[in-house]
Every structure is written in C-alpha cells, then in structure tokens.
Amino acid sequence: MRYIDVNSDLGEGFGPYRIAPDTELMPLITSANIASGGHAGDPQVMCETITSAQTHDVRIGAHIGFPDRAGFGRRPMPMTPRELELMAVTQVGALQGVARLRGAKITHFNFHGALGNLSFADADVARVLLKAVKAIDSRLIFVGLPDTEAIRIAESIGLPVMRSFLADRGYCAAGRLAPRGVEGALIDDPQALQQRVAETLSSGALRLITGEQVPIEVESILVHSDTPRALELAHATRAGIEDSGCKIAAYPMLDG
C-alpha cells in the first residue's frame, strides 16, 4: 500500500489577524508547515498552531520565508549568504523553542514563496539554507518540490527529504511552478483538482500547463491555506488520493 502525506502552510497570521481557516484545515492534513516569524507568524500564533497540531496528531514543521510581511514573502529579497544562513536558523530556532515549551518537537521544514522558488532554481542559495538547517538538526526532513536544486542539494548533504506536489498550482516544467498570473497557474476548481491528484498519483506523471506530461515523484501533497475555497480544495485533495488507490498517512518520524 502506498501512503501519501497531506501538508499545509499554516500559522500565517500576525497579532490579531488571521488569514486562513487553520482550525478547520488541521483535521484534514497530516503535517503542518508553521510560519516561523519571517513572512508571517509570531510567538502567539506559533503557539496556537502548534497546540492545534498536537490536538489532531499532526506533524509540526518550520515554514521559512523572507522577512517581508508586507509582501507576504512573495517578493525576492537580495541577501548575502550569511544573511540567508542566519535567517534560516533564526526561524527554525524560534519554532523549535515554542514547540519545546508546548512539549512538542518539529520534524520537518520547507521554504515559502519567493525563497522557495529561489532555492529550487539556485543551487548556491539552496546549499546555504539547507546546510544552515542541518547544523541545527540533521534529522529534520526537508519538504520540497522534486526535480529541483533544493531537493538535489538536500540529498547530497544527507538531509532526509519528502517530495511535495502542489496540486493547486500549475507547472511550466518539471520542478518549476508557473508564475502567478499566467493562465493555468492556479487550480481552484475542487473537481478539477481531485482529478488532477488522482491522475498524477496513478500515472506517476505531472501534466504541465502546456499539456505535456513529465515524470514526478510524490510523497506528500500541499494544500494552500490562504487560497479561496481552501477547505473545499483540501477535501478534494483527500478524495483524489483515495481515488488513486493510495492511503493518507503522516510521514514516518525519524528516531533519535
């Protein structure tokens, strides 16, 4: 039996502001990528999200992004290697601290928005970020897009990886998301998304916005929390996994 993890980027509020139905999404996923104070998130939101994850037995991970709240981490920021390194360890360390306070531990991490896109294409940036996180905890699982520089670098330095499929985003090539605003870049119809998930898992091939299909490895599927109809899309994702003959389950935790 093949098992598929369902992950989501959560805790992307700040202060009194909440932008997504995190509470309703939590029972529908198996791993949560929690904003760690860069593009969004603060200690209180981190704590709330961790507590909710514990209640639903959901894996906890750090969601690392550029420190750009106004742009929600979706704008590139020029940073030196040292700045990238310190940014990554500070955000992971912040979530680790709050998790330990709540008697939990983080088990994975991923990159958000513009930082993620940069790490997928730039091997030097990916290496700096991934080595920084590895220095904190070499057991943390890197969740990233397959066929990217970030996944290749993570494997080369000995970090465990989990390959994630963004079912609600169109791809222009293997490992490359279509830019927002391009036709087909966003899939927001639940039925279309359910069919896309089932087809991709069943065939082992990803349909690009051009109609071409390319091989893809999938171990987890991302549900974006901040998109319209997020709850409907989460249910569609789960239905698509089941339609493919796979089962939904959290990824194995590493001992030690």
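FYI, it's all coordinate maths here, none of it is from the lab. Note that this is a predicted model, so its numbers are computed, not measured. Backbone-built Cβ (ideal geometry, glycine too); neighbour counts: all protein chains shown.
Numbers for the structure displayed
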| read-out | value |
| --- | --- |
| DSSP beta bridges in the chain [antiparallel fraction, %, rounded to 5] | 20 percent |
| Listed peptides 55-64, 126-135 by packing density, highest first (mean Cβ within 10 Å) | 55-64, 126-135 |
| Sparsely packed trypsin sites (Lys or Arg not before Pro) within region 180-256, loop by DSSP, other Cβ within 10 Å at most 11 | Arg180 |
| Only Lys, Arg (+1) and Asp, Glu (-1) charged, at Cβ; region 3-248 dipole about Cα centre in debye | 580 debye |
| In sequence order, calculated HN-Hα J values of region 163-180 (Karplus, 6.51, -1.76, 1.60; Hz; x Gly/Pro) | 8, 10, 10, 8, 5, 8, 10, x, 10, 9, 6, 4, x, 10, 6, 5, x, 4 |
| Added length on full extension, which subtracts the Cα-Cα distance from 0.36 nm per residue, Gln54 to Ile248 | 68.0 nm |
| The chain shape via C-alpha gyration tensor axes, a/c threshold 1.5 | rounded |
| Relative contact order (%) - region 3-248, alpha-carbon pairs under 8 angstrom, separation at least six | 20 percent |
| Peptide ranges 23-33, 5-15 listed from the most packed, as the mean C-beta count within 10 angstrom indicates | 5-15, 23-33 |
| Placed amide H near Val6: partners under 5 Å, 5+ positions off or other chain | Thr30, Ser31, Ile221, Ala249 |
| Estimated inter-spin distance, Thr80 and Cys47, nm [label 7 Å along Cα→Cβ] | 3.5 nm |
| Residues whose placed amide H lies under 5 Å from that of Ala178, excluding near-sequence neighbours | Gly170, Tyr171, Cys172 |
